[in-house]
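Structure record follows, encoded as structure tokens.
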Amino acid sequence: MQQNMSTPDRYIRMVTGLLSIGMASRRRSSPITRTLLWSFGAMKLAEGATGWCPMQAATELLGGKSQQQRQQHSSGTSAASSKSKAGSQPDSDYEIPSYSKMDHPTN
């Protein structure tokens with residue numbers, strides 16, 4: 001498995017998992033609540049320890065973009081937006097339609 005999470009994200013998930021397990025270990029009236037908290041905490045601890053999130057992997061697979069492609073696109077977009085402010089051509093991914101050529105019925 002390839003890691004698909006950053007280091008801060010891993011730490012946040014591990015802390016969240018520990019907090020959830022800690023809350024589940026306290027005496028609760030509902031066993032369902034305890035079970036859900038234990039399951040959630042164990043899942044977050046496992047994600048943080050391995051550095052791989054199955055939901056993020058599924059979203060990347062369905063979206064067709066990897067984390068590296070998103071980072072490259074976001075760095076390219078910021079450079080393109082600064083260029084467009086300087087007077088060059090706007091980014092071709094985000095074209096704004098021109099409303100001056102719309103057909104309006106005349107009465």
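Sort through ALA57, ALA80 and tell me the only one that's surrounded by 14 or more Cβ atoms within 10 Å (Cβ to Cβ), assigned to a helix (DSSP H, G or I), at pLDDT 60 or above and not acidic (Asp, Glu). If you could, list the steps in order and put the result at the bottom.
Values: ALA80 fails: at pLDDT 60 or above.
Only one candidate passes the filter, namely ALA57.
Scanning the stretch 1-58 for residues that are polar (S, T, N, Q) and touching a Gly at 6+ places or on another chain (Cβ under 8 Å) yields GLN3, ASN4, THR16, SER20. Within the stretch 31-46, being under 17 Å from VAL15 (Cα atoms) and basic (Lys, Arg) holds for one residue alone: LYS44.
If you go through the stretch 9-49 and keep only what is surrounded by 14 or more Cβ atoms within 10 Å (Cβ to Cβ) and of a type in the set (Ser, Thr, Tyr), you end up with THR16, SER20.
Limited to the stretch 19-57, what total is found for residues that are touching a Lys or Arg at 6+ places or on another chain (Cβ under 6 Å) and closer than 17 Å to MET5 by Cβ? The total comes to 4. The C-beta contact set for the stretch 18-36 (first residue farther than 17 Å from ALA46 by Cα, second residue assigned to a helix (DSSP H, G or I), distance under 7 angstrom, 6+ apart or interchain) comprises MET23/LEU37; ARG28/ARG34; ARG34/ALA24.
Rundown of residues vs (1) assigned to a helix (DSSP H, G or I); (2) touching a Leu at 6+ places or on another chain (Cβ under 8 Å), yes/no style:
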residue: ASN4; (1), (2): no, no
residue: ARG10; (1), (2): yes, no
residue: ILE32; (1), (2): yes, no
residue: LEU37; (1), (2): yes, no
residue: GLY41; (1), (2): yes, yes
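The values are calculated or read from the model by the stated rules, or taken from the named source; none is laboratory data. It should be emphasised that the depicted structure is a prediction, and the values quoted were computed from it without experimental measurement. Cβ atoms come from the backbone with ideal geometry, glycine included; neighbour counts cover every protein chain shown.
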